[in-house]
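J.: What follows is a single structure, and I will ask about it in a moment.
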């Protein structure tokens, strides 16, 4: 009897070791193929945004090919218009970066002398290594350059999105054919896809409003490159918890160097106000129920996906984690992982598997 128990324990341990090893290999593979994975994820993201339009046109009895063509045409026009404006702003910002860095060094030197006259001895090395605004501006320029580099793959991304949209309506039919049951329904998977699509569309719409408000505030204050700062707010507000804070730092530093402390504080105040109204008042009401992820998991997923896939991973950290949670939730052997990922409010609620059995 003891031998059987030990044998079963040994098999379970070996199974866990194999699963862990497989995960390590998968993560390493994703990291090595980062550029391809990022391109594919961006394509899926755009496809999710375009799917409601395609399905709506098909409901109006417009053929699938024409529906996809119309949606893709609108998408291409929007991307080209935004890309032209943002590209010009990024180019101008990059050109002014060296002069901006010189001004930052001059202001650091003046601040150090002011503190020294008041009896506070602070070395210039402290500002350049520990409180380094120059590095923040360099990081911002690198971030914007990385985003603009996606435009070099724009044709491939748009082709991928087109093919995904063409397959949207036929995918369930193909799955039913594989399963050999033409009447097979997928209520859980369908609900998950609908929720994911709803999240991405609503989140994008909210971020667009946020970016417009931030851009208008920068324009009213007279801060240079208002379109650029609005676009940065639009992108970074996809990042949960800290995105709204990060997007306020570069324009605040820029305003501090170019316009003074008062304008910088107004930039920060505007970002905090918009972030609070959008994130704490409007977004919860529009989104409805919560995502079902714990706060710790949201933060850790941001770190994990961000380190694995860069900025795109950080932006899509919530949808990627929600996908993992759905996969774990619908397997009896991994359901406990889904419980760990979930919010405390959903612990006592029945799982989708139990609801399906009922």
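The values are calculated or read from the model by the stated rules, or taken from the named source; none is laboratory data. Given the structure is predicted, the values throughout are model-derived calculations rather than measurements. Counting neighbours? That spans all protein chains shown, and the Cβs are built from the backbone with ideal geometry, glycine included.
J.: Looking only at region 237-248, how many residues end up being farther than 13 Å from residue 206 by Cβ, part of a helix (DSSP H, G or I) and either in contact with a helix residue (DSSP H, G or I) (Cβ under 6 Å, 6 or more places away or on another chain) or at pLDDT 85 or above (or both)?
T.: 1
J.: What do you reckon, is residue 256 in contact with a helix residue (DSSP H, G or I) (Cβ under 6 Å, 6 or more places away or on another chain) and surrounded by fewer than 22 Cβ atoms within 10 Å (Cβ to Cβ)?
T.: Values: in contact with a helix residue (DSSP H, G or I) (Cβ under 6 Å, 6 or more places away or on another chain): yes; surrounded by fewer than 22 Cβ atoms within 10 Å (Cβ to Cβ): yes.
In short, yes.
J.: Can you tell me which residues in region 259-279 are without any contact (Cβ under 8 Å) to a residue 24 or more places away in the chain and surrounded by 13 or more Cβ atoms within 10 Å (Cβ to Cβ)? Steps first, please.
T.: Looking only at region 259-279, we keep the residues that are without any contact (Cβ under 8 Å) to a residue 24 or more places away in the chain, and these are 260-262, 264-265, 268-269, 273, 276-277.
Of everything in region 259-279, those that are without any contact (Cβ under 8 Å) to a residue 24 or more places away in the chain and surrounded by 13 or more Cβ atoms within 10 Å (Cβ to Cβ) turn out to be 264, 265, 268, 269, 277.
J.: Do we have residue 207 as modelled with pLDDT of 85 or more, out of contact with any strand residue (DSSP E or B) (no Cβ under 9 Å at 6 or more places or on another chain), surrounded by 20 or more Cβ atoms within 10 Å (Cβ to Cβ) and more than 28 Å from residue 41 (Cα to Cα) here?
T.: Numbers: modelled with pLDDT of 85 or more: yes; out of contact with any strand residue (DSSP E or B) (no Cβ under 9 Å at 6 or more places or on another chain): yes; surrounded by 20 or more Cβ atoms within 10 Å (Cβ to Cβ): yes; more than 28 Å from residue 41 (Cα to Cα): no.
Spelling it out, it is not the case that residue 207 is modelled with pLDDT of 85 or more, out of contact with any strand residue (DSSP E or B) (no Cβ under 9 Å at 6 or more places or on another chain), surrounded by 20 or more Cβ atoms within 10 Å (Cβ to Cβ) and more than 28 Å from residue 41 (Cα to Cα).
J.: Any residue at all in region 70-79 that's surrounded by fewer than 18 Cβ atoms within 10 Å (Cβ to Cβ), touching a helix residue (DSSP H, G or I) at 6+ places or on another chain (Cβ under 9 Å) and at pLDDT below 85?
T.: Applying the first criterion (surrounded by fewer than 18 Cβ atoms within 10 Å (Cβ to Cβ)) to region 70-79 yields 70, 73-74, 76-79.
Keeping just the survivors that are touching a helix residue (DSSP H, G or I) at 6+ places or on another chain (Cβ under 9 Å) gives 70, 74, 76, 79.
Within this subset, residues satisfying the condition of being at pLDDT below 85 are 79.
Within region 70-79, one or more residues are surrounded by fewer than 18 Cβ atoms within 10 Å (Cβ to Cβ), touching a helix residue (DSSP H, G or I) at 6+ places or on another chain (Cβ under 9 Å) and at pLDDT below 85.
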